[in-house]
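Following: one structure in structure tokens, then a few remarks.
The values are calculated or read from the model by the stated rules, or taken from the named source; none is laboratory data. What you see is a predicted model; the values in this text were computed from it and never measured. All Cβ positions, glycine included, derive from the backbone under ideal geometry; neighbour counts span all protein chains shown.
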Amino acid sequence: MLQVMFRILGPLDISVGGQPIVLTGARQRTIMSMLLLAPDRVVSVDTLADAVWHGAPPQTARNQIAICVSALRKTFKATAGADDLLVTSHPGYMLFTGEHRIDAMEFEKRAALGREAARSGRPEEACTRFDEAFAMWRGPALDGIAAERVETEAARLTAMRLDVYEEYMGLRLELGQHREVIGELAAFVREHPLREQATAHLMLAQYRSGHRAAALETYREGRRRLADELGIDPGPALQHLHEEILADSPRLTPATDTVAPAPSPTVPAHLPSSVASFTGRNGELATLDRLLDHLDGPGLPVGSITGIGGVGKTALAVRWAHQVAGRFPDGQLFADMRGYDEEAPRHPSAVLDRFLRALGVPGPEVPSDPNERTALFRSVLDGQRVLIVLDNARSFGQIRPLLPGSGRCCVLVTSRDPMGGALAGDYAFVPLHLDPLGQDESIALLTKVAADGRLSADPVAAARLSALCDRLPLALRIAAARLAAKPHWSVRTLVSRLEDQHRRLDELSPDERGVRAGLRLSYRDLPAATARMFRLLGSLNVPDFASWAGAALLDIDPLDAEDLIEELVDAQMLVPLSSASGDVRYRFQDLPRLFAREQALAEDSEDDRRAALRRAAGAWLALASEAHRRVYGGDYTITHGPAHPHPLPGHLTQSLLEDPMEWFESERASVTSLVEQTAAEGEAAYAWDLAITSVTLFQNRNYLEDWRFCSELALSAARRVGDRLGEAVMLHSLGTLEIVSWAYEAAFGHLEPALRLFEEVGEEEGEKGRALVLRNLALCERHRGDLDTARDLGHRSLELFRAVGDRYAEAHVLGLLSQIELERGFPQASLVLSAEAVARSRGLGTVRGEAQSTVRLAEALIHQGDGVRAEEACHRALELVRDSGDRRGEAHTLRALGEALWRQGKIEKAEAVLEQALVTAGMVPDRFLEARAEITLGCVRALLGDRAAAASCFKTAGDLFAEVGTQVWRDRTARLLTLVEQEDRIESADLYELVLP
């Protein structure tokens, strides 16, 4: 995915990699503007409609907004590969910024940094930040977007800019730049004559420049404008300034700079030079500035920068120390504590000896006793303003003797050990965990070091290069240095070398200071059990994991596993993540993962690694199977094989699976990755069992790509090892997927060989598999229009499910037979079958099954004209699907509810519900569902008298039905279109007859 740059501080401008993205139509631009004005916040559909149609939206506004948003999504998907930029969230939509940039947000960030610098006594830096902020403005915010709501929000941005500008001018006056700012301020006041702060700045600049009369004239003109336009006098501050100018108050004279005394020869200045390629880190530098707020306070200010090796802790500490060195006139001390180094860590007593000598203590007077050295150090520093940087510290015990007793000093520590437990409470502690650079900062660093145009000429390759380096400054500098040394290489040449996981660490470790060396230093000091956890976790191809995965890998207690994993977090070898449920998850950065795999290959036998993989896959399988049982009421609708589940303790399982579908959701990426890994490493039984069990998630939440990906990989793995049961199960799974995707002919190609294989397997698993295949073949025949054959296959399937005791599948087939009977023209039989299906599903406690059966019951009631009971059934089904997050089920239910309301003559309500159904179906997405919602919505709009909107719905529905290959429904749509275009009078019954199943 490429980064999208949004510019709203001027005309709306959107670009990717420097290439503009053009939005077609005023509605798209207005909607995009509204979302950009509220990034990461939900903007309701009503608000968007109000903006687009200037407070008078049409009845079709919701549908048209959905169409515009869909078009915007397609645009960003095509140009940037971004499919999660515009998110649907009740009651509207949200622009998810993620890695993308919005100039207004960056303006606010730079303005905040400027204010922070001003508060910290760094006016020159503050002016630089403000200059950067103002440079982003290209004209009036969102100029050219003619929408009152947009203009209102744009005015807020403009007002913010004016406030910041006045602060900026105040700082320049503090810096003595009164002559330089007069022209700027005069033009600003002419444009904004009612802003009293700007008028005051201009008066002060004129007075300090010797133009006393001009300052008084500025006041008179400002007073006149306020009186003429607002009928008020100037405020007290402006009046007081006027009085001081009349009295030539000495307070108005700028302070003159005093010459600092020459530094004493004993004042230490130990800071190493700042890294020339240092890039970004503005937010982190601002965080460290908080240390200055604690100077002269009751506690010693101590800052701690932690992070993985190579993330730039030392460079940041040195850069900040240089920026604030002027605040510490009595000296700056620096020591490399060698906490993580090939040499032994430096003893604090030796560092004290060097510090004391630097502070002017003669060598013979430095005590030999460590405690006496610490006491003398604190005595020398008492009342002094000294900055102490302790780099690469090992532990709190190593730095404790080096901490002064005076709050006038300040200490900054860098370490891989957070030390928070020891520092927090006793000191004015400012912790900072340093993350890798952002993408823009990473590319900027690469460009600085490589020092040519190759990176800017290929932004896609530059972005990939930064990702392959984990955006760690050390790795980025090494990669850029390689480019600089190889001017005949393109960026893609280096990228292709780093893409090879077996070479990447070699490429980034040219000497003892490379990436591998830094990782080895952290790994070297891990306890044996922690090191084994590191190696085996790195061998798992999952993007993130919970601590129970580590417990399965090592076959230990989950709490012991969590302790080992937290040790890896403290060692900066793992990154902790917080999930939506509040549970902690963890992930590797790519380079530490590659190092862990290297160590696993070197230190663990193949048998140990394979056993660990089976235990981990078994833990995921055990949890997935239990989650499936809780969703479906038992081990129904799926077939398990010889893979051994690795059960976790009961209380842990209960806690994890309190919401089974949310657990599946949180493990979705890990499950698909684990299926891929087990399939590739010859563990076919685990691959296909995990794949089929996870259909619970894939089908319920419509992750069809994941479903196909896992099933095809597992199918190939089963065939490679001759696993006929696994092959049959995966063929059936793919057949089911084709049915869900409305590819019925393709489904036959999977289901027929699956049926033969299940017959060969025999026994209970073969019989259960046969029943599942027969059920799906019944669905295929129903789609073909052969309802009698579909009915026969359904009954054969029902008998087999009853024989093997699969009660969930039995209820599902009852619902299918109910639908078939409805389409055969036997509504009473359908009603009986659907009622039985509801009762069976409810008895099992399966939410999804009950919801499906309830919708089929509602359809049977609608067919018989009982709209009231059908509406009640739909509301019950709606509660069930929304509680479980079943979007597909929600779309089906809303469409049925719309028909039930129509059946009762509640046409306006029906239209609103069907619009919801259409939007929900589009989010799934399911073309047939969309078409059914469109065709029904068209009928309702025809009854409301809006024939043009009805015709539009029918045309869209016809195209969708053609896309999924349902000729019968396409013919019905054509007849409906003819009806609304040619008939003078349209009857509800005529329309309804054409949308009945």
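Scanning the range 226-243 for residues that are surrounded by fewer than 16 Cβ atoms within 10 Å (Cβ to Cβ) and either under 24 Å from Tyr168 (Cα atoms) or polar (S, T, N, Q) (or both) yields a total of 5. Taken over the range 392-441, the criterion of being polar (S, T, N, Q) and part of a strand (DSSP E or B) is satisfied by Asn392, Thr414, Ser415. Looking only at the range 507-523, which residues are in a helix (DSSP H, G or I) and among the charged types (D, E, K, R)? Correct list: Glu507, Arg516, Arg520. Residues that are small (Gly, Ala, Ser) and in a loop (DSSP other than H, G, I, E, B) were ranked within the range 527-573; the one that is modelled with the lowest pLDDT is Ala571.
Set side by side, the residues Arg190, Arg179 differ, and just one is assigned to a helix (DSSP H, G or I), touching a residue at least 12 places away in the same chain (Cβ under 8 Å), more than 27 Å from Ile14 (Cβ to Cβ) and out of contact with any strand residue (DSSP E or B) (no Cβ under 9 Å at 6 or more places or on another chain), which is Arg179. Every condition in (1) in a helix (DSSP H, G or I); (2) touching a strand residue (DSSP E or B) at 6+ places or on another chain (Cβ under 8 Å) is met by Phe107 except one, and the failing one is (2). Which one is surrounded by the fewest Cβ atoms within 10 Å (Cβ to Cβ), of the residues in the range 682-727 that are among the basic types (Lys, Arg) and touching a Leu at 6+ places or on another chain (Cβ under 7 Å)? Restricting to residues being among the basic types (Lys, Arg) and touching a Leu at 6+ places or on another chain (Cβ under 7 Å), the top hit is Arg724. Residues considered: Val980, Val968, Val940, Val919. Of these, the only one that is assigned to a helix (DSSP H, G or I) and in contact with a strand residue (DSSP E or B) (Cβ under 8 Å, 6 or more places away or on another chain) is Val919.
In this structure, Ala811 does not qualify as buried (at least 24 other Cβ atoms within 10 Å of the Cβ), touching a Ser or Thr at 6+ places or on another chain (Cβ under 7 Å), modelled with pLDDT of 90 or more and not assigned by TED's automatic domain parsing to the domain that holds Ile692. Just one of the listed residues (Gly425, Gly407, Gly420, Gly383) is farther than 12 Å from Leu300 by Cα, out of contact with any strand residue (DSSP E or B) (no Cβ under 6 Å at 6 or more places or on another chain), of a type in the set (Gly, Ala, Ser) and in the same structural domain as Ile305 (by TED's automatic domain parsing), and it is Gly383. Among the residues of the range 306-333, those identified as in contact with a Leu (Cβ under 9 Å, 6 or more places away or on another chain), more than 24 Å from Pro436 (Cα to Cα) and either crowded, with 21+ Cβ neighbours inside 10 Å or not charged (D, E, K, R) (or both) are Ala325, Phe328, Gly331, Gln332, Leu333. Can you say whether Pro473 is farther than 23 Å from Leu316 by Cα, surrounded by 17 or more Cβ atoms within 10 Å (Cβ to Cβ) and outside the structural domain of Val324 (by TED's automatic domain parsing), as far as the supplied structure shows? In short, no.
The residues of the range 820-834 that are surrounded by fewer than 18 Cβ atoms within 10 Å (Cβ to Cβ) and either out of contact with any Ser or Thr (no Cβ under 9 Å at 6 or more places or on another chain) or closer than 30 Å to Ala627 by Cα (or both), listed by number, are Gly825, Phe826, Gln828. Tell me, yes or no, whether the range 293-305 has at least one residue that is within 29 Å of the chain's Cα centre (by Cα), within 25 Å of Pro576 (Cα to Cα) and either among the aliphatic types (A, V, I, L, M) or assigned to a loop (DSSP other than H, G, I, E, B) (or both). Yes, there is a match, as at least one residue in the range 293-305 is within 29 Å of the chain's Cα centre (by Cα), within 25 Å of Pro576 (Cα to Cα) and either among the aliphatic types (A, V, I, L, M) or assigned to a loop (DSSP other than H, G, I, E, B) (or both). Taking every residue in the range 30-51 that is in contact (Cβ under 8 Å) with a residue 12 or more places away in the chain and pairing it with any residue that is surrounded by fewer than 16 Cβ atoms within 10 Å (Cβ to Cβ) and not hydrophobic (A, V, I, L, M, F, W, C), at least 6 positions away or on another chain, the pairs with Cβ-Cβ distances below 6 Å are Pro39/Thr97; Asp40/Thr97; Val42/Ser89; Ser44/Pro91. Taking the numbered list (1) crowded, with 21+ Cβ neighbours inside 10 Å; (2) under 22 Å from His294 (Cβ atoms) in turn, Gly383 passes all entries but (1). Within the range 347-371, if we keep just the residues that are over 22 Å from Ala393 (Cα atoms) and part of a helix (DSSP H, G or I), the residue that is nearest to the chain's Cα centre (by Cα) turns out to be Gly363.
Is one or more of the residues making up the range 690-703 in a helix (DSSP H, G or I) and among the charged types (D, E, K, R)? The answer is no; no qualifying residue exists.
Listed here are the residues, each with its yes/no results for (1) within 31 Å of the chain's Cα centre (by Cα); (2) assigned to a helix (DSSP H, G or I).
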site: Leu601; (1), (2): no, yes
site: Ala611; (1), (2): no, yes
site: Ile638; (1), (2): no, no
site: His651; (1), (2): yes, yes
site: Met661; (1), (2): yes, yes
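For the structure I just gave you, tell me whether Val318 is in a strand (DSSP E or B) and either among the β-branched types (Val, Ile, Thr) or touching a Lys or Arg at 6+ places or on another chain (Cβ under 6 Å) (or both). Taking the combined requirement at face value, the residue does not satisfy it. Among the conditions (1) of a type outside the set (A, V, I, L, M); (2) surrounded by fewer than 17 Cβ atoms within 10 Å (Cβ to Cβ); (3) within 15 Å of Pro404 (Cα to Cα), the only one that Asp341 does not satisfy is (3). Can you find a residue in the range 886-897 that is modelled with pLDDT of 90 or more, over 30 Å from Ser666 (Cβ atoms), outside the structural domain of Ala66 (by TED's automatic domain parsing) and not in a helix (DSSP H, G or I)? No: zero hits.
Looking for something without any contact (Cβ under 8 Å) to a residue 12 or more places away in the chain and touching a helix residue (DSSP H, G or I) at 6+ places or on another chain (Cβ under 9 Å) - is there at least one such residue anywhere in the range 891-902? Among the residues of the range 891-902, not one is without any contact (Cβ under 8 Å) to a residue 12 or more places away in the chain and touching a helix residue (DSSP H, G or I) at 6+ places or on another chain (Cβ under 9 Å), which makes the answer no.
Listed here are the helices (runs of 4 or more DSSP H) enclosed by the range 709-795 that have at least 2 residues being closer than 20 Å to Thr672 by Cβ and touching a His at 6+ places or on another chain (Cβ under 9 Å): 724-740.
Of the candidates Ser625, Ser673, Ser655, Ser605, the single residue that is of a type in the set (Ser, Thr, Tyr) and touching a helix residue (DSSP H, G or I) at 6+ places or on another chain (Cβ under 9 Å) is Ser625. When the range 495-523 is filtered for residues that are surrounded by fewer than 18 Cβ atoms within 10 Å (Cβ to Cβ) and in contact with a Phe, Trp or Tyr (Cβ under 6 Å, 6 or more places away or on another chain), only Leu521 remains. The listed residues are Glu879, Glu930, and the only one of them that is of a type outside the set (Lys, Arg), within 29 Å of the chain's Cα centre (by Cα), part of a helix (DSSP H, G or I) and crowded, with 24+ Cβ neighbours inside 10 Å turns out to be Glu930.
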